[in-house]
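First the structure, in the form of structure tokens, and then the observations on it.
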Amino acid sequence: MTPELWVETHSYLRPVAELCAQVDGAAAGIGVPDARIPDWEDYRADFLAGAPLLSSADAAVDLEPGGRMAAALIERLAAGTSSGSLAAEALALATELRREPHVSRRIADFLLGDETVTLPFPGLLRYVGWTAMARFLRPVVHGFASWRDEERWLRRYCPTCGSLPAMAQLAGVDPGRKRLLSCGCCGTRWQFKRTGCPFCETDAQRIASVTIEGEPGLRIDHCESCAGYLKTYVGEGQETVLLCDWSSLHLDLIAHDRGLKKLAASLYEFEPRATSGAVV
Ligand SMILES: [Zn+2]
Ligand SMILES: [Zn+2]
């Protein structure tokens, strides 16, 4: 399965697919500075206490080069021939950012959720910024996954960046089947309990599932306690397409029509009536 094949059978996703392809294409042309891999033992105490890696002073991952990549990506999109409103919005954002002192540091703080940092076009900046930052962080995310004992985390937020999940995945077969949560920002996947809601922690939570006709690999799991839902990829091997969030924006529409709440941390916003999948 490729994004192109997916869009052939889900033509209403074409606008969002094209936007993602433009941003990913521009990002691929930007050099990736080396990220310093933390000394994992320095971070162990914070990890056991539930502090995400990127907010740990002991792990001391410097995100400033990733912020610099994000600023470079915005400039590239602003200068490019991207279609639709992307080039115009990227140009307006780039113009504003050129006036900001310490812009790469501020972008990094903004992406990590520092609410004291206000920057223009926050939706576009979050989407484009995380596209760049995730590329910068890839070796760190990879090294962290090798070191981390999943059984010692099992928390509802991302062990790397602290975001709530964008989606979930059921991987493997019973009795060893695992439920992973997937971060839409930094790309980390981490293990979570099989039958729990990542959005509320009441004892009353019950998870129900909605299967989608014609989409055997996808379903909507929702909590009968808080009405939050999580799109879930059932299977392995098609993560690139089926865990990327934009490829299942039609499930968000189904969930919306059922009165369920989007509590997942998504970089994509959609208009309930426009299935063309307006983003950011
Ligand atoms: Zn994350
Ligand atoms: Zn819940």
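Only residues in region 136-159 that are under 15 Å from A49 (Cβ atoms) count as the first member; pair them with residues that are surrounded by fewer than 14 Cβ atoms within 10 Å (Cβ to Cβ) and charged (D, E, K, R), Cβ under 7 angstrom, at least 6 apart or cross-chain, and list the lot.
Note: pairs meeting the criteria are L154/K193.
Residue check: is L170 closer than 18 Å to G259 by Cα, modelled with pLDDT of 95 or more and not aromatic (F, W, Y)? Working first, answer last.
Working: closer than 18 Å to G259 by Cα: no; modelled with pLDDT of 95 or more: yes; not aromatic (F, W, Y): yes.
In short, no.
Quick check, is A57 at pLDDT 95 or above, within 16 Å of ligand 1 (Cβ to nearest atom), aliphatic (A, V, I, L, M) and assigned to a loop (DSSP other than H, G, I, E, B)?
No, not satisfied.
Mind telling me which of the residues R194, R135, R179 ends up being part of a strand (DSSP E or B) and either closer than 30 Å to P101 by Cβ or away from ligand 1 (no atom under 13 Å from the Cβ) (or both)?
Numbers: R194 fails: part of a strand (DSSP E or B); R135 fails: part of a strand (DSSP E or B).
Of the residues listed, the single one that is part of a strand (DSSP E or B) and either closer than 30 Å to P101 by Cβ or away from ligand 1 (no atom under 13 Å from the Cβ) (or both) is R179.
Are any residues in region 8-52 of a type in the set (S, T, Y) and closer than 28 Å to E64 by Cβ, and if so, which ones?
Matches in region 8-52: Y43 only.
Could you check region 183-220 and list, in sequence order, the residues that are under 22 Å from T9 (Cβ atoms) and surrounded by 13 or more Cβ atoms within 10 Å (Cβ to Cβ)?
Of everything in region 183-220, those that are under 22 Å from T9 (Cβ atoms) and surrounded by 13 or more Cβ atoms within 10 Å (Cβ to Cβ) turn out to be V210, I212, E215, G217, L218, R219, I220.
When region 25-48 is examined, which residues are found to be touching a residue at least 60 places away in the same chain (Cβ under 8 Å), in a helix (DSSP H, G or I) and surrounded by 13 or more Cβ atoms within 10 Å (Cβ to Cβ)?
Matches in region 25-48: A27, W40, F47.
Could you please give the count of residues in region 263-280 that are crowded, with 16+ Cβ neighbours inside 10 Å and modelled with pLDDT of 50 or more?
Residues in region 263-280 being crowded, with 16+ Cβ neighbours inside 10 Å and modelled with pLDDT of 50 or more: 7 in total.
Mind checking which residues of region 161-176 are in a loop (DSSP other than H, G, I, E, B), away from ligand 2 (no atom under 16 Å from the Cβ) and either in contact with a Pro (Cβ under 6 Å, 6 or more places away or on another chain) or not small (G, A, S) (or both)?
The answer is C161, G162, V173, D174, P175.
Just for region 93-123: of the residues that are surrounded by fewer than 21 Cβ atoms within 10 Å (Cβ to Cβ) and of a type in the set (A, V, I, L, M), which one is farthest from W40 (Cα to Cα)?
A94
Cβ-Cβ distance below 6 Å, separation of 6 or more or different chains: which pairs start in region 164-186 with a residue that is touching a residue at least 12 places away in the same chain (Cβ under 8 Å) and end on one that is within 14 Å of ligand 1 (Cβ to nearest atom) and aromatic (F, W, Y)?
Here the result reads L164/Y157; R179/F192; L181/W190; L181/F192; C185/W130, each pair linking region 164-186 to a residue that is within 14 Å of ligand 1 (Cβ to nearest atom) and aromatic (F, W, Y).
Could you list, in sequence order, the residues of region 140-176 that are in contact with an Asp or Glu (Cβ under 8 Å, 6 or more places away or on another chain) and either more than 10 Å from ligand 1 (Cβ to nearest atom) or of a type in the set (K, R) (or both)?
Those that are in contact with an Asp or Glu (Cβ under 8 Å, 6 or more places away or on another chain) and either more than 10 Å from ligand 1 (Cβ to nearest atom) or of a type in the set (K, R) (or both): R156, M167, A168, Q169, A171, G172.
The values are calculated or read from the model by the stated rules, or taken from the named source; none is laboratory data. Values in this document were obtained by computation on a predicted structure and should not be read as measured data. Positions of Cβ are generated from backbone atoms using ideal geometry, with glycine treated the same way; all protein chains shown enter the neighbour counts.
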